[in-house]
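The values are calculated or read from the model by the stated rules, or taken from the named source; none is laboratory data. Keep in mind that this is a model prediction, so the values were computed, not measured. Cβ sites come from the backbone with ideal geometry, for glycine too, and all protein chains shown count toward neighbours. SASA here: full protein model, heavy atoms, side chains in, ligands and nucleic acids out. Shrake-Rupley method; radii C 1.70, N 1.55, O 1.52, S 1.80 Å.
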Amino acid sequence: MKILVCLKQVPHQDARLDVNGDGTWIREEGIKFEINSYDTFALEEALRVKDAGEAEVVVASIGPERVSQALRTALGMGADRAVHLKDDALAGSDALGIAQALAAIAREEQPDLVFTGLMSDDGNASSVPPMLAHLLDMPHATAVVKTEHKDAGLRIERELEGGALELVEIDLPCLIAVQSGINQVRYASLKGIMAAKKKPIAAKTAADLGVAELVGAAAAKVAIEKIEPPPKGDRAEILEGTTDEIVAGLLGKIKELGLL
Amino acid sequence: MSLLVVAEIQQGAIREASYELLAFAARIGGEVSSLVIGDAALASEFAKRGGGSTWSASDAALANYNVDGYAAAILAAVEASGADTVLISNTPVGWDVAPRVAAALDAGFVSDAFDVQDGRYRRRVFNGKLDAWVRSSAAKTVVSVQPGALPAIDNQNEGGGEVKELALELPKLRARFLETRESDAGGVDLSQADVIVSGGRGVGDPEKFPEVIQPLAEALGGAMGASRPVVDAGWLPHEYQVGSSGQVVTPKLYIAIGISGAIQHLVGMKGSNYIIAINKDPDAPIFEVAQLGVVGDLFEIVPALTSAVTAARG
């Protein structure tokens, strides 16, 4: 079995988020990046299939040079190969553009199973996985919290609201967008990190994949016009002072609420 | 503008969120038609209550959500209605099918919008820390709308729209619904607690929950909760989770410690009578829903507060 895992590198969850010069995204200079948290669960889910039997795990990502760090980490965790679509022409792509590029990679790889995260920690849109599945003419399922191989397909559990679950039987090949918490993600071992240095990362351009016309700002159907802080609600009154003064303020409020 | 509202059935009734889509459609402006998948009687009801000219896709194979069948039904309704804008709630059904439909239509896709002004849609990004205004330049646009974004419209008195059965040839269903299972709260019922003290990713370490969070909860005679990242990391079992995929709580006092305030957590606790937030990041969204806040080191403040509460109880 061949498994393709799509990874996105996103600003670190604790990174300082300043709006950039033209007000359409954040300032990316000088901040740390990491693998999108949901995608680490997707990679782990793929590695578990590999651990349980015979599977090749290929990771794919799109972005500038810094993305090779994310791919190295994935190889260190146990992925076999990586594909890095590194091309300035991708800048300004919308979700469908990204899905087109990933679909071109998938058509070269012909995976039996595609794993992605449910959403990204930056865009929060959950758009790319179902779009990618459509372009590959595969069924898909999102917010998946359990996968089990059964006959010619998978039996999966999707998370609904309030913790309820939906059981679905899905044919292979298919795309599974995993919910966070589906598994406990492993760390790359020292041995894994050493081995990763010898594993290949294939660099590709949009032209290599035949998607130059489908990606980038010119092809995008949706664009961000403006990024801004959310409207301020009735912001909390902030207690200031020494720890003793703050604690006295909190205690006073708890008493006022009749809870002491 | 011609809009198609995709209503959703949940437990035998049209969801409240579907009536919210009608409000969203009214804000965009234009002619509204609707689609109800899976139940012809409910299609009539939706048509009577503001859905306008309503398409019903009542094939028995659509009684439960499945991606191939629902995508085919929505695409057929877009074709039949000639809609240029499709609205669907950002629920487990909506987020699963809407992007797929958008790709099939070669449409612009706007995910989880909660406002629209002059053709620009507003949505949260970076887990609630920033907002983005986005615009679609495509001939067709699919928008998934955040449940609760706008108050529902229920136009019961406007007279009914026409209901038409949608001509539909279903494709092979490659993802098949088997069953739904209700959540098992596993013995931790936060709904009865007067006070809930919840810890988030900022607590930093699983050992700190019994050391720092639990003692304050106990001192206040309350219960301990947690945000999703804590549960995902395996620091606490799922039954402690407060949020849209965990428990929705409304205690007299909710203390959020080291929780930044992602939307999925806020949905689970914003109905609390009073909210106190303790976080080191002054820009954390949690301070926008809390009434009282402390910007500082939780490991300094929380143990001191626990001692003070214990002392006050005598």
| said: Please give the Cα centre distance for the range A:1-68 versus the range B:50-70, rounded to the nearest Å. | reply: 36 Å
| task | Write down the Å³ per residue value for the convex hull defined by the alpha carbon atoms of the range B:260-314. | result | 87 Å³
| field | Unit charges at the beta carbon, dipole of chain B: most positive-side option, B:SER18, B:ILE37, B:PRO303 | value | B:PRO303
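Can you tell me the length gained on complete extension of the stretch B:ALA152 to B:ALA40, counting 0.36 nm per residue apart and subtracting the Cα distance? Walk me through the numbers on the way to the answer.
Details: separation 112, 0.36 × 112 = 40.32 nm, distance 2.18 nm.
In short, 38.1 nm is gained.
Once you average over the residues of B:170-182, how many Cβ atoms of partner chains fall within 10 Å of each Cβ?
On the way: counts 0, 0, 2, 4, 11, 14, 8, 5, 7, 4, 6, 7, 5.
Mean shielding by partner chains, rounded to a whole number: 6.
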| Averaged over B:66-75, number of beta-carbon atoms from partner chains that fall within 10 Å | 2
| request: Between B:ARG313 and A:ASP22, with labels modelled 7 Å along Cα→Cβ, what's the label distance in nm to one decimal, could you check? | output: 5.8 nm
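What is the ratio of the Cα radius of gyration of the range B:2-165 to 2.2 N^0.38 Å, with N the residue count, to two decimals?
Numbers: Rg = 14.5 Å, N = 164, 2.2 N^0.38 = 15.3 Å.
Compactness ratio reported: 0.95.
Is there a quick way to get the dipole size of the range A:2-209? I mean about its Cα centre, with the Cβ of Lys and Arg at +1 and of Asp and Glu at -1; what is the value in debye to the nearest 20?
Working: 22 positive and 32 negative charges, 173 e Å.
Once rounded to the nearest 20, the dipole reads 840 debye.
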| query | Quick one: if you stick a label point 7 Å off each Cα along the C-beta vector at B:GLU300 and A:ILE193, how many nm between them? | reply | 3.3 nm
| request: Over both sides of the A-B contact, add up the buried accessible area with a 1.4 Å probe and give it to the nearest 100 Å². | output: 7200 Å²
| Kirkwood hydrodynamic radius of chain A, from inverse mean 1/r over distinct Cα pairs, in Å | 20.2 Å
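How big is the antiparallel share of DSSP beta bridges in the range A:2-209, given as a percent to the nearest 5? Let's see the in-between values first.
Working: 17 of 43 bridges.
Approximately 40 percent, going by the DSSP bridge assignments.
For the range A:38-77, which GluC sites (Glu not before Pro) are in a loop by DSSP, counting at most 15 other Cβ atoms within 10 Å? Don't jump to the answer; show the numbers that get you there.
Values: sites: A:GLU44, A:GLU45, A:GLU54, A:GLU56, A:GLU65; in loops: A:GLU54, A:GLU65.
For GluC sites (Glu not before Pro) across the range A:38-77 that sit outside H, G, I, E and B with at most 15 neighbouring Cβ atoms in 10 Å, the list reads A:GLU54, A:GLU65.
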| remark: Output ordering of A:171-181, B:201-211 (per-residue mean of other Cβ within 10 Å, highest first) is A:171-181, B:201-211
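How about the range B:102-195: which GluC sites (Glu not before Pro) there lie in a loop by DSSP and see at most 12 other Cβ atoms within 10 Å?
Details: sites: B:GLU158, B:GLU162, B:GLU165, B:GLU169, B:GLU179, B:GLU182; in loops: B:GLU162, B:GLU169, B:GLU182.
Answer by residue number: B:GLU162, B:GLU169, B:GLU182.
Please give the FRET efficiency for B:ALA139 paired with A:GLU213, using the beta carbon to beta carbon distance and R0 = 25 Å, rounded to the nearest 0.05.
Details: r = 18 Å, r/R0 = 0.70.
Computed FRET efficiency for B:ALA139 and A:GLU213: 0.90.
Work out which helices of chain B, taken as complete DSSP H runs, extend at least 20 Å along their axis over the Cα atoms and score a mean Kyte-Doolittle of 1.0 or more, then list them.
Details: long enough: B:67-81 (21 Å, 1.20); B:298-313 (22 Å, 1.17).
Taking the DSSP H segments of chain B (at least 20 Å long, mean hydropathy at least 1.0), we get B:67-81, B:298-313.
For B:GLN214 and B:GLU179 in the same chain, what is the full-extension length gain: residue separation times 0.36 nm, less their Cα-Cα distance, in nm?
8.9 nm
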| said: To check my understanding: the extent here is largest minus smallest coordinate of the Cα atoms along each principal axis. What are those three numbers for the protein assembly as shown, in Å, largest first? | reply: 72, 70, 50
| remark: Between A:VAL5 and residues 5 or more places away or on another chain, the pairs with built amide H atoms under 5 Å apart involve A:VAL58, A:VAL59, A:ALA60, A:PHE115
| note | Residue-ordered couplings for the range B:143-149, obtained by feeding phi - 60° into the Karplus form 6.51 cos²θ - 1.76 cosθ + 1.60 and rounding to whole Hz (Gly and Pro as x), are 10, 9, 10, 5, x, x, 5
| query | B:LYS48: which lysines have alpha carbons under 17 Å from its alpha carbon, excluding same-chain residues fewer than 8 sequence positions away? | reply | B:LYS164
| remark: Taking a ≥ b ≥ c as the square roots of the Cα gyration tensor eigenvalues, with a/c under 1.5 meaning rounded and otherwise prolate when a/b beats b/c or oblate if not, the range B:191-314 comes out rounded
| field | Binned Cα-Cα distances of chain B, short to long, each 10 Å bin given as a whole percent | value | 6, 24, 26, 21, 15, 6, 1, 0
| request: Hey, for a label at A:ALA52 modelled as a point 7 Å past Cα toward Cβ, could you say which residues of the range A:147-185 have their backbone N under 11 Å away? | output: A:147-151, A:154-156
| Between the range A:155-182 and the range B:103-130, what's the alpha-carbon centroid distance in Å? | 24 Å
| remark: So the pair-distance distribution of the range A:1-79, from every Cα-Cα distance in 10 Å bins, comes to percents of 18, 43, 25, 11, 3
| In terms of Cα to Cα distance under 14 Å, which aspartates and glutamates are near enough to A:LYS197, apart from those fewer than 8 places away along the same chain? | A:ASP80
| query | Can you give the mean number of other chain Cβ atoms that lie within 10 Å of the Cβ atoms in peptide A:194-202? | reply | 0
| remark: A student applying the Cα gyration tensor rule (rounded when a/c is under 1.5; otherwise prolate if a/b is larger than b/c, oblate if not) would label the range B:1-66 prolate
| request: Once you've got the Cα coordinates, tell me which of A:LYS2/A:LYS204; A:LYS232/B:LYS140; A:LYS2/A:LYS86; A:LYS150/B:LYS129 are over 30 Å apart. | output: A:LYS232/B:LYS140; A:LYS150/B:LYS129
| task | Take the alpha carbon gyration tensor of the range A:117-159, find the square roots of its eigenvalues, order them as a ≥ b ≥ c, and report rounded if a/c is under 1.5; if not, report prolate when a/b exceeds b/c, else oblate. | result | oblate
| message | With the crude spin-label approximation of a point 7 Å out along Cα→Cβ, what separation in nm comes out for A:ALA203 versus B:ASP194? | response | 6.6 nm
| query | Under a straight-distance cross-link criterion of Cα-Cα below 15 Å, which aspartates and glutamates are reachable from A:LYS255, leaving out those fewer than 8 residues away in the same chain? | reply | B:ASP194
| query | Taking 0.36 nm per intervening residue step and subtracting the Cα-Cα distance, what contour gain separates A:LEU172 from A:ARG235 on full extension? | reply | 17.7 nm
